[in-house]
Amino acid sequence: MASAEVKLKDILAKVLLIDKVSDDMSRKSVKEWDSMAHLMLVSEIESAFEVAMSDDDIMEIQTVGDIKNILKKLGITI
């Protein structure tokens, strides 16, 4: 597993207070992933990867896979 992927999974686990992270996890399937947690995730990810997500990107995030796709678009190899 790439270090960027480990970093992302650590952020998701910490913010969402969960043990296992998978690409198909979504805002609908994880009860802890509410609007406040979503904002915390974005903030932690932007800080850890030194990127800035657009408002459109932030609004489009529904799954862990979406986050990975946005990071790839921003030049982060996952």
Write out, first by first residue and then by second, each pair whose Cβ atoms fall under 7 Å of each other, whose residues are 6+ apart or on separate chains, and whose first residue, in the stretch 19-42, is over 12 Å from I58 (Cα atoms) while the second is aromatic (F, W, Y) and surrounded by 14 or more Cβ atoms within 10 Å (Cβ to Cβ).
R27/W33
Would you mind finding the one in E5, E46 that is surrounded by 14 or more Cβ atoms within 10 Å (Cβ to Cβ), without any contact (Cβ under 8 Å) to a residue 24 or more places away in the chain, within 18 Å of K73 (Cα to Cα) and among the acidic types (D, E)?
E46
Search result, residues across the stretch 49-73 that are crowded, with 16+ Cβ neighbours inside 10 Å, outside any helix (DSSP H, G or I) and out of contact with any Leu (no Cβ under 9 Å at 6 or more places or on another chain):
T63
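No lab work stands behind these numbers, since they all come straight from the coordinates. All values derive from a computational prediction rather than experimental measurement. Counting neighbours? That spans all protein chains shown, and the Cβs are built from the backbone with ideal geometry, glycine included.
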